[in-house]
Amino acid sequence: MKIIKKVLIGLVIIIALPLVVALFVKKDYEVQKEVLINKDKQEVFNYLKLLKNQDNYSKWFTIDPNMKKSYKGTDGTVGFVSHWESDTAEVGWGEQEIKKITEGERIDFELRFIKPFEATEPAFMTTESVGENQTKVTWGFSGHMAYPMNLMLLFMDMEKMIGDDLNAGLTKLKTELEK
């Protein structure tokens, strides 16, 4: 009987400990990367606000260039939606909607992931003139993991995972615009 009691106490501790730890782990994360592009700010901004142009520089498009894409609305305007479907797990299914445009400065998006997991997360791109015909582009993404799933943030380097993809996209964007 004492052995069973010790085993049960051990099991309770094994189950409860991660749940207690998760109470103290952050639930939100944010990743931002930037690149300098040798082009006029307005030219860069006009290119960025067209979601269809992301096919030319997005890391995720290069993972599955055969993904199915569909669109609703007028590209480059608030409310435009780009929908994708891919059987590649890294890409999955989802859509991106332009939620707000601050002309010449910032585009805010909402990413809605459908498969292989469901989540809705904000993202943005900004342009800042840093010299004559030189523009700093910042691409940012933030996310939220609810309790107790936030415990996974202890084992996931979101800065590396998402940051590497954003950097790859920004490097391609620079190459594309400086052609």
> Placing +1 at every Lys and Arg Cβ and -1 at every Asp and Glu Cβ, with all other atoms neutral, what dipole size does the range 1-131 have around its Cα centre, in debye to the nearest 20?
Replying inline: 840
> What is the range 75-117's relative contact order, in percent, from Cα pairs under 8 angstrom and six or more apart in sequence?
Replying inline: 34
>> Give me the percent relative contact order of the chain, please, defined on Cα pairs under 8 angstrom at least 6 residues apart.
In response: 30
>> Need the list of aspartates and glutamates near Lys160 for cross-linking: C-alpha distance under 19 angstrom, and skip anything on the same chain fewer than eight residues off.
In response: Asp28, Glu30, Glu34, Glu90, Glu121
> If you compute Cα Rg over 2.2 N^0.38 Å for the structure shown, which of [x] 1.31; [y] 1.16; [z] 0.95 do you land on?
Replying inline: [x]
> With every protein chain present, what is the per residue accessible area of the range 1-158 (1.4 Å probe, Å²)?
Replying inline: 60
> In percent, what relative contact order does the range 92-179 have, based on Cα pairs under 8 Å that are 6 or more apart in sequence?
Replying inline: 16
> Taking +1 at the Cβ of each Lys and Arg and -1 at the Cβ of each Asp and Glu, which of Gly73, Ile63, Gln96 sits farthest along the dipole of the range 48-98 towards its positive end, judged by Cα position relative to the Cα centre?
Replying inline: Gly73
> In angstroms, what radius of gyration and Dmax does the range 1-101 have, counting Cα atoms only?
Replying inline: 23.3, 77
>> Using only Cα atoms and rounding to the nearest 10 degrees, what angle (0 to 90) does helix 2-22 make with the longest principal axis of the chain?
In response: 20
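The values are calculated or read from the model by the stated rules, or taken from the named source; none is laboratory data. Fair warning: this is a prediction, and the values are worked out from it, not measured in the lab. Here Cβ is always computed from backbone atoms with ideal geometry, including for glycine, and neighbour counts include all displayed protein chains. The area values use the complete protein model at the heavy-atom level, side chains included, leaving out ligands, DNA and RNA. Shrake-Rupley method; radii C 1.70, N 1.55, O 1.52, S 1.80 Å.
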